Amino acid sequence: MTAERTQTQLLLAQNTVIPGERIILRPITFDDAADLYEYGQDPETTEFVFDTHATIEESILGIGTYFMSDPIGKFAIELRSENKMIGTFDLRVNENDSKAEIGYVLNKAYQGNGYMTEAGALILDLAFNTLRLNKVFSLHDVKNPQSGAVMKRLNMTYEGTLRQDKFFKGKFCDYSYYSILKTEYH
């Protein structure tokens, strides 16, 4: 492990709680299972992100195997006014290339209020000002333009469409690719 990679991992580990104006980004715990299940059972919310949860036990399993087993860069989006997890935000860092991919999901009952844009702004600040990365990118299924709208609000630039880039839920999907560079962020 290089010194640079060690430093990046340390900085991520030191920044597991990021307060915003209306939200807090924080680690996900088993206490969030009911909130995850609330939107995880909704096929419309999970259509482009993960398999729909049929039971709360599936949400608990997801928390344990995905979020808690490797928690660095994975955040719950907690709405301060309700002390409720309303979604998640991931920052998947590639230290070798000084870049990171972001991914997110939000309970549809809370969409349209700017919470995801606020979370994204907090993550971009972490990526560029704390981790000093060069690039942050994201992909969205072309059938999910709402996700692309979030990327545009974060001043990310559309770079193109990756045709049949992923096999997800039994079909090949086309993905739009957006990014923002450190020089564009500052």
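The values are calculated or read from the model by the stated rules, or taken from the named source; none is laboratory data. On a predicted model such as this, the values are computed, not experimentally measured, just so you know. Methodologically, a virtual Cβ is constructed for each residue, glycine included, from the backbone with ideal geometry; neighbour enumeration extends over all protein chains shown. Areas reflect the complete protein model, heavy atoms only, side chains present, ligands, DNA and RNA absent. Shrake-Rupley method; radii C 1.70, N 1.55, O 1.52, S 1.80 Å.
Side notes on the structure shown:
- Label-point separation in nm, ASN96 to GLU21, each point 7 Å along Cα→Cβ: 4.0 nm
- Residues considered: ALA149, ALA121, ALA76. Largest GNM mean-square fluctuation over the chain, using C-alpha springs under 10 Å, is found at ALA149.
- Fraction of antiparallel bridges per DSSP, the chain only, in percent to nearest 5: 90 percent
- Protein accessible area in segment 35-186, 1.4 Å probe - carbon and sulfur %: 48 percent
- Given LYS84/LYS135; LYS108/LYS171; LYS152/LYS182, the pairs whose alpha carbons are separated by over 21 Å: LYS84/LYS135; LYS108/LYS171
- Accessible surface area normalised per residue over the chain is 52 Å², counting heavy atoms of protein chains with a 1.4 Å rolling probe.
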